[in-house]
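The values are calculated or read from the model by the stated rules, or taken from the named source; none is laboratory data. Just so it is clear, the model here is predicted, and its values are computed rather than measured. Here the Cβ positions follow ideal geometry from the backbone for every residue, glycine too, while neighbour counts run over all protein chains shown.
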């Protein structure tokens, strides 16, 4: 999938989720006021948090598409991770905290009388239908992208470098579960006459949102810090460079995600000593062009000539990857440091 089509698909997913969540937030708030249900009010806060999340994701998509300039020569791709991290914080601050507060206040407070629970049921049912539409779009995008990458659904979800569809999928999944919890809370409150069930539903919704916020925050933290590219891509780059006739050994290979579909490659290689300086320069240019053509995600390539026997360089690479990875590489006889990642499904 091209960068343009992938970006358009992500935007559609986010816009659809944002519109759905805004409408649902209003419905839940009105129903919460009418029924006096703490779980319903918690769900209203949940939908408000999701709406704020979509606004932040749209900001991420827009700002990350800006071209490179003098101040940011590698572009603004990581802005997508920054704003997506703020979206995860929003889910916790706006949704989880309020739901937990409402739940504990209901369980340990004086409680309140439930009125017109049928309104709550109708709103929750309508919200479930609307959330299912948004959730289906997120699943469709992730499934399509996983198929394009020839990966299983959940394996792709772990390796995805575009946080927008993953965030929408997670928050919509949490929304569907939260609606079921709210439905159970209102129903048990009506059956037993005890608002403790309503409060417990709110607490569970808060815990659910906190868990989702943690998972999304952890994902975006790793991307912001600078995660290695997909191991399959790294192996492809390794094999391409190692096969070049001018290279005697690939001493070190580093990759980093600079944004969605934007990979930086840094390679240290031991060239054939018979090559002259001009030959090495032309080879570096050719290899960089070949990597960019063969691997669409590769946008920047730096190749540095080094001696494979340098003890400091060897120690630095082994400290990063360890002897275990070195021993797994079948090319270790020609490349003493063997900068290959473990195989990934």
Residue count for segment 7-48, restricted to those that are more than 30 Å from residue 105 (Cβ to Cβ) and in contact with a helix residue (DSSP H, G or I) (Cβ under 6 Å, 6 or more places away or on another chain):
6
Report yes if residue 270 is more than 27 Å from the chain's Cα centre (by Cα) and free of Cβ contacts under 8 Å to residues at least 40 places away in the same chain, otherwise no.
yes
Which members of segment 230-256 meet the condition of being in contact with a helix residue (DSSP H, G or I) (Cβ under 8 Å, 6 or more places away or on another chain) and within 27 Å of residue 163 (Cβ to Cβ)?
230, 236, 237, 253, 255
Regarding residue 30, is this residue assigned by TED's automatic domain parsing to the domain that holds residue 213, part of a helix (DSSP H, G or I), modelled with pLDDT of 80 or more and within 22 Å of the chain's Cα centre (by Cα)?
no
For segment 288-314, what are the residues that are in a helix (DSSP H, G or I) and in contact with a strand residue (DSSP E or B) (Cβ under 6 Å, 6 or more places away or on another chain)?
288, 291, 292
Using the structure shown, decide if residue 209 is touching a residue at least 12 places away in the same chain (Cβ under 8 Å), surrounded by fewer than 24 Cβ atoms within 10 Å (Cβ to Cβ) and in the same structural domain as residue 87 (by TED's automatic domain parsing).
no
In this structure, is residue 118 assigned to a helix (DSSP H, G or I), under 21 Å from residue 182 (Cβ atoms) and in contact (Cβ under 8 Å) with a residue 60 or more places away in the chain?
no
Got a sec? Which of 80, 63 is in contact with a strand residue (DSSP E or B) (Cβ under 8 Å, 6 or more places away or on another chain) and not in a loop (DSSP other than H, G, I, E, B)?
80
